[in-house]
Amino acid sequence: MGLIDLRGVKKRFGRKVILEGVDLDIREKDIFGIIGVNGSGKTTLLKLLIGFYKTSHGKVSYKGKNISRIVKKVHREFGFTSQESSFYPKLTVKENLFYFGSLYGLHNDEIRTNMDKVLKLVELDDVKKVLAENLSGGMQRRLDLACSMIHEPKVLVLDEPTEDLDPLLRREIIKVIKKINKLGTTVIITSHLLDDIESLCNRVAILHHRKVMKVGSIDDLRKLYDREEEIHLEVESGKYERIIKFAKLKDVECVGSKLIVYTKDAEKTLHLIFHIIENDNEKLVYADVKKPNLEEIFESLTKEGESSVVKKW
Amino acid sequence: MVKAFAIIKKNLKLITRTKSSALIVVLGPLLLILLIGAAFNTANIYGIRVGTYSESYSSLTNAVIDELHKKRFSTVKIESVDVCIESIEQGIVHVCAIFPPDLSVKDGGDIVFYVDNSRLNLVYIVLDTLSSIVGTKSEELSTQLTKTLIDALDTADKEITDKQSLLDALASDASITDKKLDALRSVWNEVDLESDNGSSFKVLENEVSKLPGSNESKDTVAGLIEKVKRELKKKDESLIASSTAKQKTLNELTNLKQVVEGNIGYIASLDESAKKVSQEIKNVKTTSISKIVSPLKTRIEPITKNKTHLNYVFPTLVVLIIMFVSMMLASTLEIKEKTAKVYFKNFITPTSDALFIFSNFVTNLIIIVLQLAVLFGVALYFFKDQILSVVTNIIIIPLIIATVFILLGMVLGNVFRSEETSTLAVISLGFVFLFFSSTILPIESLPGVIGKIATFNPFFVGERLLNQVLLFQSPLQPLLPSLYILGGYIVGLIILTVVTKKIAKRRM
């Protein structure tokens, strides 16, 4: 049993079904990613996790207890950051933290202690007297995280935390999230920026068509992908018939002067190709092995009518 | 409580750190009360223009116009009735007074006023003042005429009273004359002018014949008797003439008596009439000219003395400010919070909805209290005694009124999704409250059911409460029914605020 479990969860608003038959388990100290296209129900799923919404069917439990019965406990032990910076721009960094600390029921001393820790964690300790609206974009996002961390939550739920940020700021935020996780906080994160998920998460759920399509580690998901690895090859003659024939390559593609080979065992196949090139006195111009990224896996998994390329779980 | 304090502190910081909000909170009411104080701290009417027209201006017409000037009205003589009416339509004048040609007291005539009924409040002020001026002038003239009449009556009464003694003397003289006539007649009646000398002489002659003596002496005596007889006969004739004269005199005296008696009757009748006229004049109990001119006088006496327009406007102004500021502030605060990116984060803290509602309410109340403090602080300059004498009520009642409107604003803020729509709703609702109160039209002029419903209008109830406290220094006890109405609103609105808050939360 995970820290958070969802069993047969269904959520609908009126007649519109947003989520259906969702089964998930999120383990302690995970950085759990939820990916899905816009409107796939990621935010709704998060709001179910924090007990803001009630399920239409099924059960969400935290530490084995139904969340709807322990909402206050969940609110005390969870932190939440939405896709938009959520703090009061007209309050200073310190005032924001004090405000949220008070709402979480902390005493002033606790707030002060936690504030120092959190500000150090998000590297905002130098600007605690600055109005939030005067902070840079990256600082504001870190302040948002700090506000969600002021009560030292056991679970931090992040809804698209790197949305609208430039690559530099994204990297900054990812670094902070990793630091938070290292402190022992379970992180649940949604994003459609799959690079971020790939670099952050140890486990991922793919949400598609109201359902959780797949759950697992990135490597697990890669295994589902038929064209697991790609070998990009270029020889001086530009002739690849002998290579294809003697290496018994089935899944190949010619793109310009290059040959792309899709194989499950790139190392073995590449070794064979190099042997043929050597025998034929061919001159190798370029060779590279590319593993499919999460984006490709996601694209492949969610592509309609192409279920054949996906292995059954 | 710590949480509530944190929310209130945060709300106040957000409001005060927005310069425009801070400006509105502190300077808004200050500016408003100063402007209104300067404008309404008078009992006069300024700048009302009266167009006048008459084919021929008489001295009376000019006198009425002069009176208008004295009352600070501006008057413009206009060349025709049509132009005058047109001038009202164009706003050049506020009212047209059309005087009949050569208006005079003797001939009388109607003075017609043309008014623009769409400016009801102005119409009432103008008509009231004009009617009073014309009425005063007309009363002045009637007074003059009546004075002449009363003076004539006074003179007549005085004359009659003065001449009463003469009449009495006349009556007395006539009576004396009558009596004297009676006496005269009685004297005359006693006078005996009859004579019977023949038998006396026969007796004398018999006696003489019986006397002894000579016939000669007897003849001498008889001759003497005869001589006396003749003399007496002459006297008899004179007596007969006197008797006839006496009878004639008696007859004349009788006639004179009748005339005197008649005169006595006439004098008595004249005396009676004079007395009656005098009595009648005396019986005219009301000899006060003003009472004769207008025996039934109407006089409007304000139950509050020595008040300026500001006194009457102030309670309405306070409730108006409370209503609009409370609703606007509360709804804006709710909407701003609701549409803020941080809103959701508040709800996933272990803080109950009720605490957010309470804290937001207290924030609003603090701001309204600040505004009212500014408002009443400035108002102290204008009517210190009036405020200080009912200071407790002045603290309690605005707070209750503010509570109603803050809660109403919070409900609107929860129901509407954007600041624009909620502001529009606040303004619309505010105007509905304003129109269905006695501020623009008397509530009594509204048709039955609507009028009754309007008496429950919180603005109307609040205004009435504050009026009673500020103008009449009323204690709380007689105001309890109105306070119960507001109490009912508060309970209902608390429930509605909780419900709408939950609905708004569900919409996220």
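The values are calculated or read from the model by the stated rules, or taken from the named source; none is laboratory data. Note that this is a predicted model, so its numbers are computed, not measured. Virtual Cβ from ideal backbone geometry, glycine too; neighbours counted across all protein chains shown.
If you check B:Phe347 against the conditions, is it assigned by TED's automatic domain parsing to the domain that holds B:Leu493 and under 30 Å from B:Ser474 (Cα atoms)?
no
If a residue must be at the interface with chain B (Cβ under 10 Å from one of its Cβ atoms), under 24 Å from A:Asn181 (Cβ atoms) and among the hydroxyl-bearing types (Ser, Thr, Tyr), how many such residues does segment A:85-138 contain?
Final tally of qualifying residues: 3.
Does segment B:383-395 hold any residues that are in a helix (DSSP H, G or I), of a type outside the set (A, V, I, L, M, F, W, C) and either in contact with a strand residue (DSSP E or B) (Cβ under 9 Å, 6 or more places away or on another chain) or over 18 Å from B:Ile485 (Cα atoms) (or both), and which are they?
B:Lys384, B:Asp385, B:Gln386, B:Thr392
It is to be established whether one or more residues within segment B:461-475 are among the charged types (D, E, K, R) and not in a helix (DSSP H, G or I).
No, segment B:461-475 contains no residue that is among the charged types (D, E, K, R) and not in a helix (DSSP H, G or I).
One line per residue, one yes/no per condition, for (1) in a helix (DSSP H, G or I); (2) more than 20 Å from B:Lys13 (Cα to Cα); (3) touching a residue at least 24 places away in the same chain (Cβ under 8 Å); (4) not small (Gly, Ala, Ser):
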{"residue": "B:Thr332", "(1), (2), (3), (4)": "yes, no, yes, yes"}
{"residue": "B:Val374", "(1), (2), (3), (4)": "yes, no, yes, yes"}
{"residue": "B:Ile397", "(1), (2), (3), (4)": "yes, yes, yes, yes"}
{"residue": "B:Ser428", "(1), (2), (3), (4)": "yes, yes, no, no"}
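Could you look through segment A:64-83, keep only residues that are touching a residue at least 24 places away in the same chain (Cβ under 8 Å) and not in a helix (DSSP H, G or I), and pick out the one that is farthest from the other protein chains (Cβ to nearest Cβ)?
Selected residue: A:Gly64.
Has segment A:271-283 got any residue that is in a helix (DSSP H, G or I) and of a type in the set (D, E, K, R)?
yes
When you check A:Arg170 against the structure, is it at pLDDT 85 or above and buried (at least 19 other Cβ atoms within 10 Å of the Cβ), yes or no?
Considered against the rule, which asks whether it is at pLDDT 85 or above and buried (at least 19 other Cβ atoms within 10 Å of the Cβ), A:Arg170 comes out as no.
Going by the conditions given, is B:Glu194 touching a residue at least 40 places away in the same chain (Cβ under 8 Å), outside any helix (DSSP H, G or I) and not hydroxyl-bearing (Ser, Thr, Tyr)?
It is true that B:Glu194 is touching a residue at least 40 places away in the same chain (Cβ under 8 Å), outside any helix (DSSP H, G or I) and not hydroxyl-bearing (Ser, Thr, Tyr).
Quick one: count up the residues across segment B:144-194 that are closer than 30 Å to B:Lys235 by Cα, β-branched (Val, Ile, Thr) and either within 35 Å of the chain's Cα centre (by Cα) or surrounded by 11 or more Cβ atoms within 10 Å (Cβ to Cβ) (or both).
Of the residues in segment B:144-194, 1 are closer than 30 Å to B:Lys235 by Cα, β-branched (Val, Ile, Thr) and either within 35 Å of the chain's Cα centre (by Cα) or surrounded by 11 or more Cβ atoms within 10 Å (Cβ to Cβ) (or both).
Quick one: count up the residues across segment B:440-463 that are within 15 Å of B:Ile322 (Cα to Cα) and β-branched (Val, Ile, Thr).
1
Within segment B:38-73, work out how many residues are under 21 Å from B:Ser87 (Cα atoms), surrounded by 15 or more Cβ atoms within 10 Å (Cβ to Cβ), at pLDDT below 80 and more than 23 Å from the chain's Cα centre (by Cα).
Of the residues in that region, 1 qualify.
From A:Asn114, A:Asn134, which residue is in contact with a Pro (Cβ under 9 Å, 6 or more places away or on another chain) and without any contact (Cβ under 8 Å) to a residue 40 or more places away in the chain?
Sole residue among the options that is in contact with a Pro (Cβ under 9 Å, 6 or more places away or on another chain) and without any contact (Cβ under 8 Å) to a residue 40 or more places away in the chain: A:Asn134.
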